[in-house]
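I have placed the structure first, in the form of structure tokens, so that the comments after it can refer back to it.
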Amino acid sequence: MSYTYDDKNIFAKILRGEIPNTTVLETQHSLAFRDLYPQAPTHVLVIPKGAYVSYDHFAAEASEDEIVDFTRAIGEVCRLEGVTLTAGNGFRMISNAGEDGVQEVPHLHVHILGGRPLGLMLTQA
Ligand code: AMP
């Protein structure tokens, strides 16, 4: 079965410049911007510019250039936000996918959270 991408999602609109964002970093294949409802002092979303719904979609179909760019963009955002292990106290990166992952926006994004102790990764819900 192939992946289906809905280009009406909010991050596709951000990429098309139809709605504003607070950009942290833009590279050839990726965009990083602040989450509208931050859960920590650092809460940045990193997305590929390509039409990928989830990390498994991206890993299966993105080019090596896109994968390298996205991976390095995530690292660079951590550096810019001062949450790397060399300059700060660390961070958490999360990428929700699909129904069980409780993904709200169906365009691949990695959350980078930091700037405070984040507690246990999962609690019972
Ligand atoms: P997820 O549940 O992993 O799909 O997360 C979607 C995230 O997108 C949430 O943390 C929202 O706060 C965030 N979000 C929704 N709309 C916007 C927007 N226009 N700009 C920035 N972040 C947004």
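The values are calculated or read from the model by the stated rules, or taken from the named source; none is laboratory data. Being a predicted model, the structure only gives us computed values, none of them experimental. Please note: Cβ atoms are built from the backbone with ideal geometry, for glycine as well, and neighbour counts cover all protein chains shown.
Being within 25 Å of Leu15 (Cα to Cα), within 16 Å of the ligand (Cβ to nearest atom) and among the basic types (Lys, Arg), is that true of even one residue in the range 58-80? Looking for residues that are within 25 Å of Leu15 (Cα to Cα), within 16 Å of the ligand (Cβ to nearest atom) and among the basic types (Lys, Arg), one finds none in the range 58-80, hence no. Where residues in the range 47-65 are more than 18 Å from Ile112 (Cα to Cα) and not hydrophobic (A, V, I, L, M, F, W, C), which of them is surrounded by the fewest Cβ atoms within 10 Å (Cβ to Cβ)? Across the range 47-65, the extreme among qualifying residues is Glu64.
Sub-8 Å Cβ pairs linking a first residue in the range 85-107 that is of a type in the set (Gly, Ala, Ser) to a second residue that is near the ligand (Cβ under 8 Å from one of its atoms) and not in a loop (DSSP other than H, G, I, E, B), at least 6 apart or interchain, are Ser95/His111, ordered by first then second residue.
Given the structure, is Val53 closer than 20 Å to Ile94 by Cα and in contact with a Pro (Cβ under 7 Å, 6 or more places away or on another chain)? Quick ask: steps written out before the conclusion?
Working: closer than 20 Å to Ile94 by Cα: yes; in contact with a Pro (Cβ under 7 Å, 6 or more places away or on another chain): yes.
In short, yes.
Taking the residues in the range 1-46 that are near the ligand (Cβ under 10 Å from one of its atoms) and of a type in the set (Ser, Thr, Tyr) as candidates, determine which candidate is surrounded by the fewest Cβ atoms within 10 Å (Cβ to Cβ). Can you show your working first?
In the first step, residues of the range 1-46 are kept if they are near the ligand (Cβ under 10 Å from one of its atoms); the result is 9-11, 13-14, 19-22, 33-39, 43-45.
Still in the running and of a type in the set (Ser, Thr, Tyr): 22, 37.
Details: Thr22: 10, Tyr37: 6.
Across the range 1-46, the extreme among qualifying residues is Tyr37.
Contact annotation: residue pairs with Cβ atoms under 6 Å, 6 or more positions apart or on different chains, pairing a residue in the range 64-79 that is under 16 Å from His109 (Cβ atoms) and among the β-branched types (Val, Ile, Thr) with a partner that is at pLDDT 95 or above and outside any helix (DSSP H, G or I), are Ile74/Val46; Ile74/Val110; Val77/Val24; Val77/Leu25; Val77/Ala32; Val77/Val44; Val77/Val46; Val77/Ile112.
Considered as a group, the residues in the range 106-117 that are assigned to a loop (DSSP other than H, G, I, E, B) and surrounded by 15 or more Cβ atoms within 10 Å (Cβ to Cβ) include one that is farthest from the ligand (Cβ to nearest atom), and that residue is Gly115. Per the listing Thr42, Thr22, the residue uniquely touching a residue at least 40 places away in the same chain (Cβ under 8 Å), among the polar types (S, T, N, Q) and farther than 30 Å from Ser2 by Cβ is Thr42. Looking across the range 86-105, the residues that are assigned to a loop (DSSP other than H, G, I, E, B) and near the ligand (Cβ under 8 Å from one of its atoms) come down to Ser95, Asn96, Gly101, Val102, Gln103, Glu104, Val105.
If we only count strands (runs of 3 or more DSSP E) wholly inside the range 1-77, which ones have 1 or more residues that are under 10 Å from the mean Cα position of the chain (by Cα) and of a type in the set (S, T, N, Q)?
It comes to 30-34.
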